Amino acid sequence: MMRIIGHRGARNIWAENSLSGFRNVCGLKVDAVELDVHLSADGEIMVIHDPLLDRTTDHKGPVGQLSREALGRVRLADTLGETIPTLAEVLDVFAPTGIELEVEMKMDAFGNPYPGLLEKVIALVEARRMASRVVLTCFVPEVIMEIKAKAPGMRRLASVDRRSCEAFGGVDRTLQRFVDLGCIIAVEQSLLRFALDRALGIVGRDRLGVWVPNTVGELDYWLGQPVSQITSDRPDLALQLMAARAA
């Protein structure tokens, strides 16, 4: 069964990684929602994609240089005055639903892992008794290895694109490295179109996903391919197309 995952909530419909977007995406019949986490200067888990505030807020500079209190004065673009949510606030939104979460461990403004971020995420998810509904994700093999060591019972997902393959020795070696770490693997769509047969041979259909097709044409193509999940900024379109195919 194909799984449909809302990327950063559903960022081509509502403001990405916003509480209003997350509340709205709960109204769609998505299987999961993907989101991104950074750490504030005083150790709060913040849900935002970029390590810098510049693109999605009315402030500039690194997320990790501001305290939770200071980040509370930062306003998200394309919202009615919303601020960057904490992971705890986002879990509050999804806790009553059956929707799964893919939580991506992001790097700081210098490209380094945040000290203690993974442990804080694991502890919070376990305290909320949501570990069975959470997939921990990253592009970085060393972080995936740390996830495996510190949360062996939780599912892991590795994201792969051309930059990953260039860094890790080509597509075959990259995919095999993450397969060996027991990962679901989500591949950027332009790369996967080119390497689908090879990816299926290494990963297998049941653990292979694609990101991030967003148009009707792209989504319709991937709904017809042997992958197990589609991560999209337009999950509503993906679900409509699925329903049309079923009918």
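The values are calculated or read from the model by the stated rules, or taken from the named source; none is laboratory data. The structure displayed is predicted, hence computed values, not measured ones. Glycine also receives a Cβ, built like all others from the backbone with ideal geometry; neighbour counts cover every protein chain displayed. Keep in mind that these areas ignore ligands, DNA and RNA; they rest on the heavy atoms of the full protein, side chains included. Shrake-Rupley method; radii C 1.70, N 1.55, O 1.52, S 1.80 Å.
Key figures for this structure:
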| item | result |
| --- | --- |
| Verdict on LEU101 being of a type outside the set (Gly, Ala, Ser) and either outside any loop (DSSP other than H, G, I, E, B) or at positive phi (or both) | yes |
| Cβ pairs under 7 Å, 6+ apart, first in the stretch 7-31 and at positive phi and among the charged types (D, E, K, R), second assigned to a loop (DSSP other than H, G, I, E, B) and open to solvent by less than 20 Å² (accessible area, probe 1.4 Å) | ARG8/ASN17 |
| Selection from the stretch 110-153 of residues that are part of a loop (DSSP other than H, G, I, E, B), surrounded by fewer than 15 Cβ atoms within 10 Å (Cβ to Cβ), of a type in the set (Gly, Ala, Ser) and on the phi < 0 side of the Ramachandran plot | GLY153 |
| Filtered residues of the stretch 215-232 (kept if within 21 Å of ILE13 (Cα to Cα), in contact (Cβ under 8 Å) with a residue 40 or more places away in the chain and surrounded by fewer than 20 Cβ atoms within 10 Å (Cβ to Cβ)) | LEU223 |
| Condition check for ILE45: touching a residue at least 60 places away in the same chain (Cβ under 8 Å) and more than 16 Å from the chain's Cα centre (by Cα) | no |
| Scope the stretch 67-88; condition open to solvent by 50 Å² or more (accessible area, probe 1.4 Å) and out of contact with any Phe, Trp or Tyr (no Cβ under 9 Å at 6 or more places or on another chain); matching residues | ARG68, GLU69, ARG73, ARG75, LEU80 |
